[in-house]
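The values are calculated or read from the model by the stated rules, or taken from the named source; none is laboratory data. These numbers were taken from a predicted model, which means no experiment stands behind them. Here the Cβ positions follow ideal geometry from the backbone for every residue, glycine too, while neighbour counts run over all protein chains shown. Calculation scope for accessible area: heavy atoms of the full protein, side chains included, ligands and nucleic acids excluded. Shrake-Rupley method; radii C 1.70, N 1.55, O 1.52, S 1.80 Å.
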Amino acid sequence: MIVPKAVLCSQLPDGVGWLKVTMFPGAVGIDLARMFDTAVAHLKDSTRLIVDLRGNTGGGIGGLRLMSYLTPEKKEVGYSLTRARKEKGYARENLPRFGQIPSHKSTLLWLALRYGFIDKSILVVTEGFGPQRFQGHVVILVNEHTASAGEMVAAFAEENNLATIVGTKTAGRLLSGTTFRAGLGYIVGLPVAAYLTWQGELIEGKGVSPSVNVEMTPAELLAGEDRQMQRALEVVREM
């Protein structure tokens, strides 16, 4: 089986950077965060950025590093919410916060102790890395195969006016889940919490609709034509 590289980047003409994210591997995303750091360093001269999340089926919380590069300050992204917490009552501001991907895997034990034995209702906050040259001049490409953590990134950028979303509506598959050993070598994965944006929008079953809708036909794909990317380049160059 060929496993695609999670993060690809390239410097395009006219100061446009291209960042392709195929997945968000790893529950915490320590290695993925380093890939984003390397990619952003490579694109340091970019004054505009296209983030391609088409076909990204999601993964873990490593997408927090990508969202952190879209805004200079610490900003609330959204929160997971269990049924028990909802029925008990809550204030979103008081939920346990996750706002930093650790630099070393030795920290994973501390994270497990902090978050492993509490209610799965957790608030996600960006890391606050300061300004980047491309901030405010970002296009995010999505399609019907963009799901889970990919939708979290797109929804965050759209809700905070950090990027223009181009492409087609995303899959609408965004729930916090966990796995259970069922015996005989089987593992069962079940949703345990809903995910809501900071403004209370539920993505599950709804998806993220682009502000610039661009459909792709099978014939165009077979011919190697990428109308969505072409439109993204037009939009980002007009920013």
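With R₀ set to 25 Å, the beta-carbon distance separating residue 5 from residue 103 gives a calculated FRET efficiency near 0.70. Once a ≥ b ≥ c are taken as the square roots of the eigenvalues of the Cα gyration tensor of the range 184-239, is the result rounded (a/c under 1.5), prolate (a/b larger than b/c) or oblate (a/b not larger than b/c)? It comes out oblate by the Cα gyration axes. Annotation: extensible slack from residue 187 through residue 47 equals 45.8 nm (criterion: 0.36 nm per residue apart, minus Cα-Cα distance). Of the trypsin sites (Lys or Arg not before Pro) found in the range 1-38, those in coil by DSSP whose Cβ has at most 12 other Cβ atoms within 10 Å are 5. Output the 0 to 90 degree angle, nearest 10, between the alpha-carbon long axis of helix 227-237 and the longest principal axis computed from the alpha carbons of the chain. Its long axis makes an angle of about 80 degrees.
Think of a 1.4 Å ball rolled over the protein heavy atoms: the chain then has 51 Å² of accessible area per residue. First check a/c for the range 109-239, with a ≥ b ≥ c the square roots of the eigenvalues of its C-alpha gyration tensor; if it is under 1.5, answer rounded, and if not, answer prolate when a/b is larger than b/c or oblate otherwise. Since a/c reaches 1.5 but b/c is at least a/b, the shape of the range 109-239 is classed as oblate. Between 203, 122, 187, the Gaussian network model of the chain with springs among Cα atoms under 10 angstrom shows the greatest mean-square fluctuation at 187. Considering only alpha-carbon pairs that sit under 8 angstrom and 6 or more positions apart, the relative contact order computed for the chain is 21 percent.
Can you list which of the trypsin sites (Lys or Arg not before Pro) found in the range 36-76 are DSSP loop residues with at most 13 other C-beta atoms within 10 Å? Write out the running numbers ahead of the final one.
Working: sites: 44, 48, 54, 65, 74, 75; in loops: 44, 54, 74, 75.
Of the trypsin sites (Lys or Arg not before Pro), the ones in loops of the range 36-76 whose Cβ has at most 13 other Cβ atoms within 10 Å are 44.
Of the GluC sites (Glu not before Pro) in the range 164-225, the ones in a loop by DSSP (not H, G, I, E or B) with at most 12 other beta carbons within 10 Å are 215.
Taking amide H positions as modeled 1.01 Å from N, with prolines and chain starts lacking one, the residues under 5 Å from residue 50 and 5 or more places away or on another chain are 17, 18, 19, 139. Taking θ as phi - 60° and the Karplus parameters 6.51, -1.76 and 1.60, the scalar couplings of the range 216-226 work out to 10, 9, x, 5, 5, 4, 5, 7, x, 8, 10 Hz in sequence order, x denoting glycine and proline.
Counting lysine pairs in the range 2-157 whose alpha carbons fall under 16 angstrom apart, excluding pairs fewer than 8 residues apart on the same chain, gives 4.
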